[in-house]
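The values are calculated or read from the model by the stated rules, or taken from the named source; none is laboratory data. As the structure is a prediction and not an experimental result, all values here were calculated from the model. With ideal geometry, Cβ positions are generated from the backbone for all residues, glycine too; neighbour counts draw on all protein chains shown. With ligands, DNA and RNA removed, areas are computed over all heavy atoms of the protein, side chains included. Shrake-Rupley method; radii C 1.70, N 1.55, O 1.52, S 1.80 Å.
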Amino acid sequence: MNAEVAEWFGEAPAQTKACEQTADPNFCATYHATDADYASKIHYWTTPQTKCVDGSGTNCTAYSEWVSKWQEIKG
């Protein structure tokens, strides 16, 4: 099932065992499903907070301020 969903959406499967079940034998290579170096370069979105997630300090934007600024931009 995970293989079918991954192929349908065009994304790496959540479970690498699904790579054995894909219709295209090269599917997981194409989507870097087992490439740890590629995965280490992926940055996921996090909720804005004053403590910076990159460890650089506490000078980042708080979520409440981020929402306020976003509302200003949207109008």
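Could you calculate the contour length gain from residue 65 to residue 37, that is, 0.36 nm times the residue separation minus the distance between their Cα atoms, to one decimal place in nm?
On the way: separation 28, 0.36 × 28 = 10.08 nm, distance 3.46 nm.
Extra length from residue 65 to residue 37 when fully extended: 6.6 nm.
For the chain, what is the charge dipole size about the Cα centre, in debye to the nearest 20, if Lys and Arg each add +1 at the Cβ and Asp and Glu each add -1 at the Cβ?
The calculation lands at about 420 debye.
Please go through the chain and write out the trypsin sites (Lys or Arg not before Pro) that DSSP classes as loop and that have at most 14 other C-beta atoms within 10 Å.
Values: sites: 17, 41, 51, 69, 74; in loops: 41, 51.
Answer in residue order: 41, 51.
In the chain, if the dipole is taken from +1 on Lys/Arg beta carbons and -1 on Asp/Glu beta carbons about the Cα centre, which of 68, 53, 21 is farthest to the positive end?
The listed residue farthest towards the positive side: 68.
Solvent-accessible area per residue for the chain at a 1.4 Å probe radius, Å²? Provide the component values of the computation, followed by the final result.
On the way: 6270 Å² over 75 residues.
Per-residue value: 84 Å².
Looking at (i) 1.03; (ii) 1.09; (iii) 1.63, which value of Cα Rg over 2.2 N^0.38 Å comes from a calculation on the structure shown?
The value computed from this structure is option (iii).
For the chain, give the percent of accessible area contributed by carbon and sulfur heavy atoms, probe 1.4 Å, rounded to a whole number. Write down the numbers at each step before the final one.
Values: 3340 of 6270 Å².
Solvent-exposed carbon and sulfur of the chain make up 53 percent of the total.
Taking the chain, which chymotrypsin sites (Phe, Trp or Tyr not before Pro) meet the DSSP loop condition and have no more than 10 other C-beta atoms within 10 Å? It would help to have the intermediate numbers written out before the result.
Working: sites: 8, 9, 27, 31, 38, 44, 45, 63, 66, 70; in loops: 31, 44, 45.
The qualifying sites are 44, 45.
Let me have the relative contact order for the chain, percent, based on Cα pairs under 8 Å that are six or more residues apart.
Details: 58 pairs, mean separation 12.4, N = 75.
Value for the chain: 17 percent.
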